[in-house]
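What follows is a short report on a single structure.
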Amino acid sequence: MPSFNELPLSRPMLRNLSQLGYDQPTQVQSETIPSAMAGKDVIAMAKTGSGKTAAFGVPLVEGLNAKHFACQGLVLCPTRELADQVAKSLRQIARAKQNVKVLTLCGGVAIGPQIGSLSHGAHLIVGTPGRIQDHLRKGTLSLEHLKTVVLDEADRMLDMGFREVITDIFEQTPDARQTLMFSATWPQGIRELSACYQREPVDVRVEGEA
Ligand code: ADP
Ligand code: MG
């Protein structure tokens, strides 16, 4: 049986995962975390409920510099509900570090308060593509210090017609960024996005996909 202790994780992270009741990594976690922590791009396909959030959340939190108050990680999700869930999980995972700020930026709510929150800064931002694009256009969000972009539920985002928005967001991120893509299925559109925006991605496929 795999163990979190065998993964290259800090002691505070190991302690935190154990407190969260995560005794063992799921398959997508044990296969994604070492590559993501090594800075590689990863494209992971695994069904719903397989633990994909921590597969990117743990490396995102481990890799960030909490003293540098800038957006270092951006997670794009298809809906506000999913973004809220991901942000909640990231906040739990981020208990392994002090003073990590996670901000959600989704459509369907007023943009003014989000601009206020952004002016205070955040280390990790979780949002829906349209609203992230709005903030980039307004200049209220800068991705110049971004280290990692995550596409969560990439297949659903493509189904919802976010492809061009996602492309536009990628164009405003540093070339040296890390790109992690998570999906339950493997449509052609995902392969095309990966070919355009990932560098020699590590392929993680967990059997029994959706
Ligand atoms: P997915 O994004 O693949 O659908 P989630 O990341 O939402 O899956 O995880 C599904 C559930 O499994 C969540 O309730 C999460 O807290 C739990 N979970 C994730 N990883 C582990 C683990 N290693 N041990 C125990 N529970 C876990
Ligand atoms: Mg998920």
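Observations on the model:
- Test: residue in region 56-68 that is surrounded by fewer than 22 Cβ atoms within 10 Å (Cβ to Cβ) and within 15 Å of ligand 2 (Cβ to nearest atom): no
- Subset tally (residues that are more than 15 Å from Leu158 (Cβ to Cβ) and of a type in the set (Gly, Ala, Ser)) for region 179-203: 0
- Boolean, Gln85 is over 14 Å from the mean Cα position of the chain (by Cα), assigned to a helix (DSSP H, G or I) and of a type outside the set (Phe, Trp, Tyr): no
Here is a yes/no grid of residues against (1) touching a strand residue (DSSP E or B) at 6+ places or on another chain (Cβ under 9 Å); (2) farther than 22 Å from Pro59 by Cβ; (3) not hydrophobic (A, V, I, L, M, F, W, C):
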position	(1), (2), (3)
Gly112	no, yes, yes
Val150	yes, no, no
Glu153	yes, no, yes
Met160	no, yes, no
Phe170	yes, no, no
Asp175	no, no, yes
Ser194	yes, no, yes
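- The residue list Val75, Val109 contains one member that is out of contact with any Pro (no Cβ under 8 Å at 6 or more places or on another chain) and surrounded by fewer than 16 Cβ atoms within 10 Å (Cβ to Cβ), which is Val109.
- Residues of region 8-52 that are under 16 Å from the mean Cα position of the chain (by Cα) and basic (Lys, Arg): Lys40, Lys52.
- Flag if Gln24 is within 22 Å of Glu207 (Cβ to Cβ), surrounded by fewer than 22 Cβ atoms within 10 Å (Cβ to Cβ), away from ligand 2 (no atom under 16 Å from the Cβ) and among the polar types (S, T, N, Q): yes
- For region 126-146, the criterion of a residue being outside any helix (DSSP H, G or I), of a type in the set (D, E, K, R) and modelled with pLDDT of 95 or more is satisfied by at least one position.
The values are calculated or read from the model by the stated rules, or taken from the named source; none is laboratory data. Because the structure is predicted, anything quoted here is derived from the model rather than measured. Note that we place each Cβ from the backbone using ideal geometry, even for glycine, and neighbour counts take in every protein chain shown.
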